[in-house]
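The values are calculated or read from the model by the stated rules, or taken from the named source; none is laboratory data. A quick note: this is a predicted structure, and the numbers were derived from the prediction, not measured. When we count neighbours, we look across all protein chains shown, and the Cβ atoms used for this are built from the backbone with ideal geometry, even at glycine.
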Amino acid sequence: MATAEEDTQVLPASTPERIILAEDGDVILILRGRHFRVSSGVLSLASPVFKTMLGPNFLEGQAPRSAGHPRQITLEDGFSLELLLALMHHFDLDRLRNLDQGLNAETPLDVACVAGAFDKYCCTPPLGMTVEALLRRSAQDAILTEKSPAGRFTIYAYSAASAYLIGSRSVFAEATRCMVLDGLRPFSEITEDMQCNMWDNLPVSVLLGLEEQRTAARNTFISSFGGMTDRGCFKWAAPLVL
């Protein structure tokens with residue numbers, strides 16, 4: 001799963017190359033060539049995957065580790081895990097962004113990637129509440145600035161897929177409701193507009209259910225509209241002459 005060796009040089013302060021998420025951290029995770037000093041206790045509490053990795057059955061957990069001699073572990077994950085690690089350790093995301101301008105959790109796509117890492121490492125529900133807060137904020141900000149219906153629909157799609165992965169029923173209900181009422185394209189085509197395969201994480205049964213809800217909503221509207229015209233609620237008016 002990963003390679004491990006002892007790290008004996010730890011900088012006293014965070015830099016773009018070495019970010020200290022836990023001052024007394026006993027593990028250094030190397031992601032994309034950058035070193036993240038973290039706490040094995042925090043990792044184990046937040047993720048059963050990390051708990052198993054750092055346990056006695058894997059090489060990463062067998063060697064001694066301490067704040068003075070942290071264990072170095074290299075993983076293949078990208079920026080999404082870096083952001084997730086910061087959330088685990090309650091590290092200021094603005095401070096993290098100042099260290100690396102490429103790291104942020106401000107757009108629905110960013111949060112979707114974090115949700116993917118959350119699902120991959122089977123993180124615990126309390127951490128999901130933090131990701132949910134980021135998801136709500138990013139979606140609200142994006143909707144306010146997005147003008148095109150197709151763009152808003154994609155934002156809802158990112159939000160729905162993220163909410164599904166982190167187990168947020170309320171956000172999933174809100175996002176899919178907007179998709180059912182506002183979207184025009186088939187749900188099977190949504191992945192064409194998304195910059196990651198997040199939408200593929202939703203079961204086919206969920207997509208079919210959304211299509212059924214949209215069809216039912218359209219039929220209800222058409223039926224209601226037809227009833228109003230039959231009762232004379234709408235009448236043709238003569239052209240306005242200026």
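State which residue is farthest from the chain's Cα centre (by Cα) when the search covers only segment 30-73 and only residues that are more than 20 Å from LEU99 (Cβ to Cβ) and assigned to a strand (DSSP E or B).
Of everything passing the filter in segment 30-73, ARG71 is farthest from the chain's Cα centre (by Cα).
Quick one: would you say GLU192 is in the same structural domain as ALA117 (by TED's automatic domain parsing), under 26 Å from SER138 (Cα atoms), modelled with pLDDT under 65 and not in a loop (DSSP other than H, G, I, E, B)?
Details: in the same structural domain as ALA117 (by TED's automatic domain parsing): yes; under 26 Å from SER138 (Cα atoms): yes; modelled with pLDDT under 65: yes; not in a loop (DSSP other than H, G, I, E, B): yes.
So GLU192 passes the test.
Which residue is surrounded by the most Cβ atoms within 10 Å (Cβ to Cβ), if the candidates are limited to segment 131-151 and must be among the acidic types (Asp, Glu) and assigned to a helix (DSSP H, G or I)?
GLU132
In a helix (DSSP H, G or I), outside the structural domain of THR176 (by TED's automatic domain parsing) and surrounded by fewer than 22 Cβ atoms within 10 Å (Cβ to Cβ): does that describe ASP94?
Values: in a helix (DSSP H, G or I): yes; outside the structural domain of THR176 (by TED's automatic domain parsing): yes; surrounded by fewer than 22 Cβ atoms within 10 Å (Cβ to Cβ): yes.
It is true that ASP94 is in a helix (DSSP H, G or I), outside the structural domain of THR176 (by TED's automatic domain parsing) and surrounded by fewer than 22 Cβ atoms within 10 Å (Cβ to Cβ).
Residues that are modelled with pLDDT of 90 or more and within 30 Å of HIS89 (Cβ to Cβ): does segment 201-209 have at least one? Break it down stepwise before answering.
Taking segment 201-209 first, the residues modelled with pLDDT of 90 or more are none.
The answer is no; no qualifying residue exists.
Give the residues of segment 56-110 that are modelled with pLDDT of 90 or more and farther than 18 Å from LEU43 by Cβ, sorted by residue number.
The one that is modelled with pLDDT of 90 or more and farther than 18 Å from LEU43 by Cβ: GLY68.
Here are the criteria: (1) among the basic types (Lys, Arg); (2) assigned to a loop (DSSP other than H, G, I, E, B); (3) modelled with pLDDT of 75 or more. Tell me which single one LYS235 does not satisfy.
Condition (3) is where LYS235 drops out.
Give me the pairs: first residue in segment 34-58 and within 16 Å of LEU75 (Cβ to Cβ) and in the same structural domain as THR130 (by TED's automatic domain parsing), second residue outside any helix (DSSP H, G or I) and modelled with pLDDT of 95 or more, beta-carbon distance under 7 Å, and six or more apart or on different chains, which are they?
Final answer for the pair search is none.
Quick check on my filter: what residues within segment 20-58 are surrounded by fewer than 17 Cβ atoms within 10 Å (Cβ to Cβ) and under 13 Å from PHE91 (Cα atoms)?
Hit for segment 20-58 is GLU23, nothing else.
Any residue at all in segment 152-175 that's at pLDDT 90 or above and either in the same structural domain as ASP24 (by TED's automatic domain parsing) or not in a helix (DSSP H, G or I) (or both)?
There is at least one residue in segment 152-175 that is at pLDDT 90 or above and either in the same structural domain as ASP24 (by TED's automatic domain parsing) or not in a helix (DSSP H, G or I) (or both).
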